[in-house]
Each structure stands twice: as structure tokens, then as C-alpha cells.
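*Asks:* What follows is a single structure, and I will ask about it in a moment.
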């Protein structure tokens, strides 16, 4: 399991973020859950902070950290490139 918090333009939708995560999350990404949306103090005007919990599962064996970390890094890179997200 990994958590990620990102700051994006207010125009960026949850569906857009989920699409990037699901496309780049790898074979073991089992679930993505939005657990917080925040606008206000410490978040620039026109932006919002969104936090997600990502669950990785391999039904055959225990996942190694390296496998999850590699998939998680791909997600972070694509969120930054595709949606101009700032990872916190």
C-alpha cells in the first residue's frame, strides 16, 4: 500500500487522475481510493490538494518493495508530466 498527495489545478478531475494511475500502475495495482480533497491555507489559489491510497496485490505471492516502488514511480512521473501535478 502507498499513499500519495498531489496538488493540481482545480480543473483537473478525479477521473483524469484515476485514468493516469490505472494506466501506469502496473499489473499489481488493485485499488485506488481518493481519501482527501483540500482547498485553502497552504494550497495556492486555483489549486487543490488530493490524496489517494493505492493498494497493490499479487494473488500468487508477497510483493517485493522494488516491484511496488517501480510502479509507484511511474505513476508519479506520469501525473507530473500529464497533469502538471506537484507531488507532496
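*Asks:* Can you run down the residue pairs with Cβ atoms below 6 Å, 6 or more apart or on separate chains, where the first is in region 1-14 and under 9 Å from residue 48 (Cβ atoms) and the partner is at pLDDT 95 or above?
*Replies:* Listed by first residue and then by second, the contacts come to 7/47; 7/49; 7/86; 8/83; 8/85; 10/46; 10/48; 12/83.
*Asks:* Please enumerate the residues belonging to region 44-63 that are closer than 18 Å to residue 83 by Cβ and either under 18 Å from the mean Cα position of the chain (by Cα) or surrounded by 13 or more Cβ atoms within 10 Å (Cβ to Cβ) (or both).
*Replies:* 47, 48, 49, 50, 51, 52, 54
*Asks:* Being farther than 16 Å from residue 84 by Cβ and touching a residue at least 40 places away in the same chain (Cβ under 8 Å) is the filter; apply it to region 15-43 and report the residue that is nearest to the chain's Cα centre (by Cα).
*Replies:* So the residue we want is 25.
*Asks:* OK, next. Any residue at all in region 24-38 that's modelled with pLDDT under 95 and out of contact with any helix residue (DSSP H, G or I) (no Cβ under 8 Å at 6 or more places or on another chain)?
*Replies:* For region 24-38, residues modelled with pLDDT under 95 and out of contact with any helix residue (DSSP H, G or I) (no Cβ under 8 Å at 6 or more places or on another chain): present.
The values are calculated or read from the model by the stated rules, or taken from the named source; none is laboratory data. Remember, predicted model here, so these are calculated numbers, not experimental data. Counting neighbours? That spans all protein chains shown, and the Cβs are built from the backbone with ideal geometry, glycine included.
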